[in-house]
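The values are calculated or read from the model by the stated rules, or taken from the named source; none is laboratory data. Worth saying up front: this structure is predicted, and the values here are computed from it rather than measured. Every residue, glycine as well, gets a Cβ built from its backbone with ideal geometry; the counts of neighbours run over all protein chains shown. These area figures cover heavy atoms from the full protein model, side chains too; ligands, DNA and RNA do not enter into them. Shrake-Rupley method; radii C 1.70, N 1.55, O 1.52, S 1.80 Å.
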Amino acid sequence: MERVLVTGGAGYVGSTCVARLLSRGFAVDVVDDLSAGHADAVPTGAALHCFDIGNRRALSDLLSSKKFDVVFHFAAKALIPESVRNPGVFFDVNVASGIAMLETLRKHGIGKFVFSSTAAVYGDPLTVSIAEDHPKNPVNSYGESKLMFEQILRWYVSAYDWSVVAFRYFNASGGASEWGERHDPETHIIPLLLQTASGRRSKFEIYGTDYPTPDGTCLRDYVHVIDIAEAHILAMKKLDTSGFHVYNIGTGTSHSVQEVWRISQEVAARNIPAQSSARRLGDPAVLCANPTRLTEDLGWKPAHSDLRDIIRGAWDWEKVQHSQAEFGMKAAER
Ligand SMILES: NC(=O)c1ccc[n+]([C@@H]2O[C@H](COP(=O)([O-])OP(=O)(O)OC[C@H]3O[C@@H](n4cnc5c(N)ncnc54)[C@H](O)[C@@H]3O)[C@@H](O)[C@H]2O)c1
């Protein structure tokens, strides 16, 4: 049985990937410092090792205790507004700690690696549909840190014969009653809308209604986290020979903020109060993947990424979160 080391496996995308790996019969160990993740998000069957990826001693001890075939690297600082305010932390975790981890893996002879990169490496798009060879001009330190780490990995491939797949995700989304997005602070549109629908927030903010798009709001490409997890599993076949492979993960279809708002109201069957405000710095009008390389090369299909289905699953999750929050408040009152 192949054993996969998943960093950041207590987070949103990583924990979904762990569940898919376990269901396919892989053995999984998670390294997560729980700085943004949740121990209870780690699926049963995976061992959680709670330490920082930059902790060479702890990682080395783990790698000596078990033989790992592949590493899936999700652990990162990933909140864009924070990356604008505090870039140092992003380079520290996403680059410096990442290098400490790579060097430890190298000393233990592990060279099969899948990296969670991001569409933020492209910056303001020059074309509507973004292919992997689109120029890279990140507009925040988050995107820059991910691009730097991609470049570092290219050197590991050329010098040490590693096999690396880097995935540039567009908008990861979706959930189910048992699992879903739990970021703090939450900055992603679907959970923000649904938390407003459940009453956990008072209103939803629409940043910019004067974009050059059909309804004036931004367009984004929403891809279900299960489809992201499936891409990771498909990627394993690329890891038998050395090389650096980069793929976008997105559907190739984009939806406006207005549309996501409307469908969220339909799914939740209630009004979601919203308010228009000014554009945010660094928010491009349209972000849409060209996923041709991923579909042709790995046979990937966005089977779970219909927007209404994504929102339905996320709403199931939000209903559970809302009742747990209410239960917690009632218990505190007693
Ligand atoms: N969610 C998205 O829409 C999206 C889009 C593009 C790329 N990504 C990338 O996907 C990955 C996962 O994103 P997510 O939304 O699941 O984020 P998340 O914050 O839910 O998960 C990240 C996990 O990494 C852990 N972590 C952070 N720093 C660590 C460290 N130094 N050592 C050990 N663990 C650490 C956190 O505790 C958390 O559990 C990230 O690399 C992110 O950049 C996410």
Residues located in segment 48-67, provided they are over 21 Å from the mean Cα position of the chain (by Cα) and surrounded by fewer than 20 Cβ atoms within 10 Å (Cβ to Cβ): N55, R56, R57, A58, S60, D61, L62, L63, S64, S65, K66, K67
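So, of the residues in segment 159-195 that are among the β-branched types (V, I, T) and closer than 22 Å to D306 by Cβ, which turns out to be least open to solvent (accessible area, probe 1.4 Å)? First the steps, then the outcome.
Looking only at segment 159-195, we keep the residues that are among the β-branched types (V, I, T), and these are 164-165, 187, 189-190.
From what is left, the residues that are closer than 22 Å to D306 by Cβ are 189-190.
Numbers: I189: 29, I190: 5 Å².
Checking each candidate, the answer is I190.
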Of residues in segment 50-75 being in contact (Cβ under 8 Å) with a residue 24 or more places away in the chain and of a type in the set (K, R), the one nearest to the ligand (Cβ to nearest atom): R56
Only one of V30, V42 that is within 12 Å of the ligand (Cβ to nearest atom), touching a Gly at 6+ places or on another chain (Cβ under 7 Å) and over 18 Å from W317 (Cα atoms): V30
Qualifying residue in segment 246-258 (condition: part of a helix (DSSP H, G or I), of a type outside the set (A, V, I, L, M) and modelled with pLDDT of 95 or more): yes
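For segment 259-273, which residues satisfy the criterion of being open to solvent by 40 Å² or more (accessible area, probe 1.4 Å) and not in a helix (DSSP H, G or I)? Can you show your working first?
Applying the first criterion (open to solvent by 40 Å² or more (accessible area, probe 1.4 Å)) to segment 259-273 yields 259, 261-262, 265-266, 269-271, 273.
Result: A269, R270, N271, P273.
Filter segment 76-86 down to residues that are within 12 Å of the ligand (Cβ to nearest atom) and open to solvent by 50 Å² or more (accessible area, probe 1.4 Å) and give me whichever is nearest to the chain's Cα centre (by Cα). Steps first, answer last, please.
Residues of segment 76-86 that are within 12 Å of the ligand (Cβ to nearest atom), as a first pass: 76-80, 82-83.
Next, only the ones that are open to solvent by 50 Å² or more (accessible area, probe 1.4 Å) stay: 77-78, 80.
On the way: K77: 11, A78: 8, I80: 12 Å.
Residue satisfying both the conditions and the ranking: A78.
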Count of residues meeting criterion [buried (at least 22 other Cβ atoms within 10 Å of the Cβ) and touching a residue at least 60 places away in the same chain (Cβ under 8 Å)] in segment 123-142: 2
Condition check for G111: surrounded by 19 or more Cβ atoms within 10 Å (Cβ to Cβ) and over 29 Å from R57 (Cα atoms): no
Subset tally (residues that are in a strand (DSSP E or B), surrounded by fewer than 18 Cβ atoms within 10 Å (Cβ to Cβ), among the small types (G, A, S) and in contact with a Phe, Trp or Tyr (Cβ under 8 Å, 6 or more places away or on another chain)) for segment 274-292: 2
So R168, is it out of contact with any Ser or Thr (no Cβ under 8 Å at 6 or more places or on another chain) and touching a residue at least 12 places away in the same chain (Cβ under 8 Å): no
Test set (1) open to solvent by 60 Å² or more (accessible area, probe 1.4 Å); (2) in contact with a helix residue (DSSP H, G or I) (Cβ under 9 Å, 6 or more places away or on another chain); (3) within 23 Å of I190 (Cα to Cα) - D297 fails condition number: (3)
Segment 182-208 residues that are closer than 15 Å to R312 by Cα and modelled with pLDDT of 95 or more, paired with ones that are open to solvent by 30 Å² or more (accessible area, probe 1.4 Å) and within 11 Å of the ligand (Cβ to nearest atom) (beta carbon under 8 Å, 6 or more apart): I189/N171; P191/H183
Whichever residue in segment 202-243 is out of contact with any Pro (no Cβ under 9 Å at 6 or more places or on another chain) and of a type in the set (K, R) and, among such residues, is most open to solvent (accessible area, probe 1.4 Å): K237
A268 vs. criteria in contact with a helix residue (DSSP H, G or I) (Cβ under 9 Å, 6 or more places away or on another chain) and within 17 Å of G313 (Cα to Cα): yes
Residue count, segment 307-324 (criterion: farther than 21 Å from S256 by Cβ and open to solvent by 40 Å² or more (accessible area, probe 1.4 Å)): 6
